[in-house]
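A.B. asks: The structure is given below, and queries will be raised subsequently.
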Amino acid sequence: MTTFVDRVELHVAAGSGGHGCASVHREKFKPLGGPDGGNGGRGGDVILVVDQSVTTLLEYHHSPHRKATNGRPGEGANRSGKDGQDLVLPVPDGTVVLDKKGNVLADLVGQGTTYVAAEGGRGGLGNAALASARRKAPGFALLGEPGRSGEIELELKTVADVALVGYPSAGKSSLISVLSAAKPKIADYPFTTLVPNLGVVTAGSTVYTIADVPGLIPGASQGRGLGLEFLRHVERCSVLVHILDTATLESDRDPISDLDMIEEELKQYGGLGDRPRIAVLNKIDIPDGLDLAEMIRPELEARGLRVYEVSAVARTGLKELSFALAEIIATQRAAKPVEEATRVVIRPKAVDDSGFTVELEEDGLYRVRGEKPERWVRQTDFSNDEAVGYLADRLSRLGVEGELMKAGARSGDGVAIGPEDDAVVFDWEPTVMAGAEMLGRRGEDHRLDAPRPAAVRRRDRDAERDDADKEYDEFKPF
């Protein structure tokens, strides 16, 4: 059974905002006490948070669909709906968030680092919040905005100072078990290690982390074996340590060819050419291994590598190796620039920035794009005439009608507000006036030709009643 997963596809959906409420206050002797509809609650966000107690993405491999709760709708008596609860997803330290195209959205390093993967929708305003001097009793409320949703990829890159690389069964797991308190699985057959092992080493006043990268064989950078799955775990390291087996039983292998093969795979993977290298000749407790280590040591030093002879079984040469690594890591840390506090950058909006654009597309459709127009359309209840009129008022005040005229739009031209896959399309009538003074009774808008069904039924009943009265007058007995 899989116990380690370092790459998953996650489907996230934030909560939708609750709808606003259209209500009129009523009590004894006050049948029309004014609007008192409450606002809808905000939808919950989906938030990724670094938790160092989490070491794998296995949980999201088994449950890839995650959704936050919706906001509650508003109610009468000015009662606002409850906000949706945020969904907090713990992820390991070193998790990279990518979109479907492979673009990096966030690099989560450090305990408590957060990233909002999906933002919850705004709650709709109730008619109490929409009331104004010109519209004292709105008969409508705004709808809650849908929450954001989408697919993201989570990729784990181990955060370690030292990465041990080498052939399977070269002794990486044995070495990390004696240098630190880590307890990896150790056996005498290849591919014993199926997951990166992480340990903490203390050398003098320096504390650093060390990880072994399993499965590196020829062709690993092209996907052969397990190497490609774990090469990403060496990207954050400060030092690369080549573990060379001086007592291998394979006749076609030797430490020099092993080193050349691993270096070629690291070169093909890319991005690791600037990391300092150390060569560790392991298994010198075996007589033939010690002889071979003494033979190849001059050649490795001629390549500019610092060479250390160790035995994980006999525990010889470990102290020198651990302090050498501590020295390199301390130098690397001192060379890093000091992190400055994040500056708060304020970018005021330009005076002539209207917040939307109008474009004429090839099919003759005028498309309006902008945060405000698109949000207003999503929050409009198109089954309510007065709500549609309110939307027309807002778009007119924003300047959409003027920009359409400048773009050459004429009466009857198609206008779309929103993205291509989710837009509202209508025929534009520039002669339509906007303003609350055009409104009739609550829920009616004279700018729309279609009368309200309730008004039609009321007129029909009045006409039938008049006809019945006339018939009674004609035939009533004397």
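A.B. asks: Can you pull out the residues in the range 114-135 that are closer than 21 Å to Ala68 by Cβ and not in a loop (DSSP other than H, G, I, E, B)?
C.D. replies: Thr114, Tyr115, Val116, Ala117, Ala118
To keep it simple, each residue is scored yes or no on (1) in a helix (DSSP H, G or I); (2) modelled with pLDDT of 95 or more; (3) under 16 Å from the mean Cα position of the chain (by Cα).
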site	(1), (2), (3)
Gly41	no, yes, no
Gly44	no, yes, yes
Ile47	no, yes, yes
Gln52	no, no, no
Thr56	no, no, no
Pro73	no, yes, no
Val88	no, yes, yes
Gly102	no, no, yes
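A.B. asks: I would also like to ask the following. When the residues of the range 105-139 are filtered to those that are of a type in the set (S, T, N, Q) and open to solvent by 70 Å² or more (accessible area, probe 1.4 Å), which remaining residue is nearest to Ser16 (Cα to Cα)?
C.D. replies: Thr114
A.B. asks: Looking at Pro138, Pro146, Pro168, which one is in a loop (DSSP other than H, G, I, E, B) and either among the acidic types (Asp, Glu) or under 30 Å from Asn103 (Cβ atoms) (or both)?
C.D. replies: Pro146
A.B. asks: Being modelled with pLDDT of 85 or more, of a type in the set (Gly, Ala, Ser), open to solvent by 20 Å² or more (accessible area, probe 1.4 Å) and at negative phi narrows it down to one residue among Ser257, Ser251; which is it?
C.D. replies: Just one listed residue meets the conditions, Ser257.
A.B. asks: Among the residues of the range 58-71, what is the count of those that are open to solvent by 40 Å² or more (accessible area, probe 1.4 Å), under 18 Å from the mean Cα position of the chain (by Cα) and of a type outside the set (S, T, N, Q)?
C.D. replies: Of the residues in the range 58-71, 5 are open to solvent by 40 Å² or more (accessible area, probe 1.4 Å), under 18 Å from the mean Cα position of the chain (by Cα) and of a type outside the set (S, T, N, Q).
A.B. asks: Next up: How many residues does the range 85-114 hold that are out of contact with any strand residue (DSSP E or B) (no Cβ under 8 Å at 6 or more places or on another chain) and farther than 24 Å from Val234 by Cβ?
C.D. replies: The total comes to 2.
A.B. asks: Criterion first (surrounded by fewer than 20 Cβ atoms within 10 Å (Cβ to Cβ), without any contact (Cβ under 8 Å) to a residue 40 or more places away in the chain and polar (S, T, N, Q)) does Asn78 satisfy it?
C.D. replies: no
A.B. asks: Give all pairs with beta carbons closer than 9 Å in which a residue from the range 293-318 that is on the phi > 0 side of the Ramachandran plot meets a residue that is of a type in the set (Lys, Arg); count only pairs at least 6 apart in sequence or on separate chains.
C.D. replies: Gly304/Arg277
The values are calculated or read from the model by the stated rules, or taken from the named source; none is laboratory data. As the structure is a prediction and not an experimental result, all values here were calculated from the model. Here Cβ is always computed from backbone atoms with ideal geometry, including for glycine, and neighbour counts include all displayed protein chains. Calculation scope for accessible area: heavy atoms of the full protein, side chains included, ligands and nucleic acids excluded. Shrake-Rupley method; radii C 1.70, N 1.55, O 1.52, S 1.80 Å.
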